[in-house]
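Each remark here refers to the structure printed beneath this line.
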Amino acid sequence: MDHFDQSSLWCCREDFSADKSQHHGVPTVTSKEQMKVEESISAYYQFIYNKKPFKTEDLKLERSRHVAYLRHGLKNLSKSFEFLDASRPWLVYWCLHALHLLEESLDLDEQQSVIDFLARCQCSDGGFGGGPGQLAHLAPTFAAVNALVTIGTPAAFAVINRQSLADFLARMVTAEGSFRMHEGGEVDIRGTYCAVSVARLCRLAIHPLMSRTASWIVHCQTYEGGFSGSPGLEAHGGYTFCGLAALALLDCQHLADNNRLLRWVASRQMRLSGGFQGRTNKLVDGCYSFWQGALFPLLHHTLTSRDNHADTDSCWLFHCEALQNYLLVCCQHPSGGLIDKPGKSPDFYHTCYTLSGLSIAQHFCYGNTSKLSVVGHDANEVAMTHPLYNVGMSAVHAAKSYFMQQPDVQPSVFSASPSSATHNANQVPSRVNGTNNCNDRMDASADAVTEASQRLHISFAQAAPSVTPNSGCSLRQGPD
Ligand SMILES: CC(C)=CCC/C(C)=C/CC/C(C)=C/COP(=O)(O)OP(=O)(O)O
Ligand SMILES: [Zn+2]
């Protein structure tokens, strides 16, 4: 397979050099930094492509080095990771998901020790803390659930106490529909995404809690088109992913201004490097390959179904080859692990999100069309990630099937229910347990995921809740 084409380089210049003429006027700290980064990236591209003769196979994902780096990380975290002591489920999730993308599995003993560790991070009154004995927090809760789902065995799923998790989410929701990160903690769109994601993945019937959530998220969309951490702040790729993915999971993506968002995110792919920046006038960074890149599958679905035209193109609306070039040429550390940009050290966060972005760029799946576009060596292909959860597509399917067999779970007390004061499970509207609720729509989607994991041929969009323009969306009936 010869997917490499030098003309697909984003810079499209034969000498791959940084273009100083782009930086007009008095240099600022930011423009000087930008120039420096462009120079180092140009040097990397020149080194690779000026090798004579250049062969496509020369562009290699150094799989075994990355696997060794991740395996080592999973077992022994060096002193430099002490500052992440309150984020240990994150470290586990980043390593496990990256290994999954590299198609590397853990043996039974390794799986068991991860399961035991995450079980010790779970709090008796629900949710997971950043380590054993720590306060429950939505971010490590999201990471722990994703890590357990990535392991994907009944023993791993059984660790998640769904009842206490639902109770924890009920305690974190605010009257306006957003979520606090922890008891007495800050409110932002990350917490909201983490809450919606774990609720959907574990099939918790907590929709009444979320009746105002979509409209709160929509208030985070800025004039630029991206989303900010909370209303009135600056649009950023990380927050934009949280906002759009949460809306999609709530079946309410049509409430966003998707056209403005598409314009914003398409403009975040950098002309010379091919990678993404997180926000306007900032530097390229490998981790945005996922945070920005995963927005395209979500937008593809909404925009094409809205316009109701046949989907004839078989690529996402960004330059997937240019992104792969950036990741393969500039983001692989020679001693294993992936990085933000040339000159940086590897870490597990960047290794996870660069590989996740690589997965999005390689796998186009929409409707009945699927296309694999692997830049460089054939063996560079990584597994397909689910762009809503960032867990392997097959793992999402297995989790849905497992949790579908489990009894329905709803919070014991809707303590902060936005629609009324305190009420108990008996007063939950009947649609929660009825046949026409959001989880049922997800069930239908889970069937699509089944096929996906078997054929790797399916649109993730079919795996997501239906997002047709005027489809019945119970969550749309918010207070606004
Ligand atoms: C699910 C979950 C917890 C998601 C997290 C999403 C995420 C990555 C948010 C980013 C937050 C942010 C404003 C970073 C800016 O950092 P910076 O100023 O160092 O970087 P920049 O210059 O690239 O903007
Ligand atoms: Zn980064």
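Distance between the pseudo-spin-label points of residue 260 and residue 57 (7 Å out from Cα toward the beta carbon): 5.1 nm. Among 28, 302, 240, a tally of other beta-carbon atoms within 10 Å of each Cβ gives an order, fewest to most, of 28, 302, 240. Within the straight-line cut-off of under 17 Å between alpha carbons, the lysines reachable from residue 52 are 60, sequence neighbours fewer than 8 places apart in one chain being disregarded. The peptide list 285-298, 133-146, put in order of mean Cβ contacts within 10 Å with the highest first, becomes 285-298, 133-146.
Overall form of segment 168-268: prolate. Here a/c, set by the Cα gyration tensor axes a ≥ b ≥ c, is 1.5 or more, and a/b is the larger of a/b and b/c. What is the calculated FRET efficiency for residue 401 to residue 120, with r their C-beta to C-beta distance and R₀ = 22 Å, to the nearest 0.05? Once rounded, the FRET efficiency stands at 0.25. Over segment 65-173, the pair-distance histogram of Cα-Cα distances with 5 Å bins from zero comes to 2, 13, 24, 24, 19, 11, 5, 2, 0 percent, rounded to whole numbers. Extension gain, residue 379-residue 33: 0.36 nm per intervening residue step, less the Cα-Cα distance, totals 121.1 nm.
Please give the peptides 103-116, 203-216, 224-237 ranked by average Cβ packing (other Cβ atoms within 10 Å per residue), highest first, as a rough proxy for protection.
On the way: 103-116: 13.9, 203-216: 23.2, 224-237: 20.6.
Answer by packing, highest mean first, reads 203-216, 224-237, 103-116.
Spin-label pair residue 281-residue 43: with each label point 7 Å from Cα along the Cα-Cβ axis, the two points sit 2.8 nm from one another. What pairs in 341/371; 55/341; 55/371; 282/400 have C-alpha atoms more than 31 Å from each other? Long pairs (Cα-Cα over 31 Å): 282/400. Over the Cα atoms of segment 222-288, the radius of gyration divided by the Kirkwood radius equals 0.97; this is the Rg/Rh ratio.
What spacing in nm lies between the two simple spin-label points modelled at residue 183 and residue 153, each 7 Å away from Cα in the Cβ direction? Distance between the two pseudo-spin positions: 3.3 nm.
Beta carbons within 10 angstrom, averaged per residue: use that to sort the peptides 33-43, 267-277, highest first.
Details: 33-43: 17.6, 267-277: 23.6.
Sorting 33-43, 267-277 by mean packing, highest first, produces 267-277, 33-43.
Here, each number is a calculation from the coordinates, and none is a lab measurement. Here the structure is a predicted model, which is why all the values come from computation and not from measurement. All Cβ positions, even for glycine, are placed from backbone atoms using ideal geometry, and neighbour counts span all protein chains on display.
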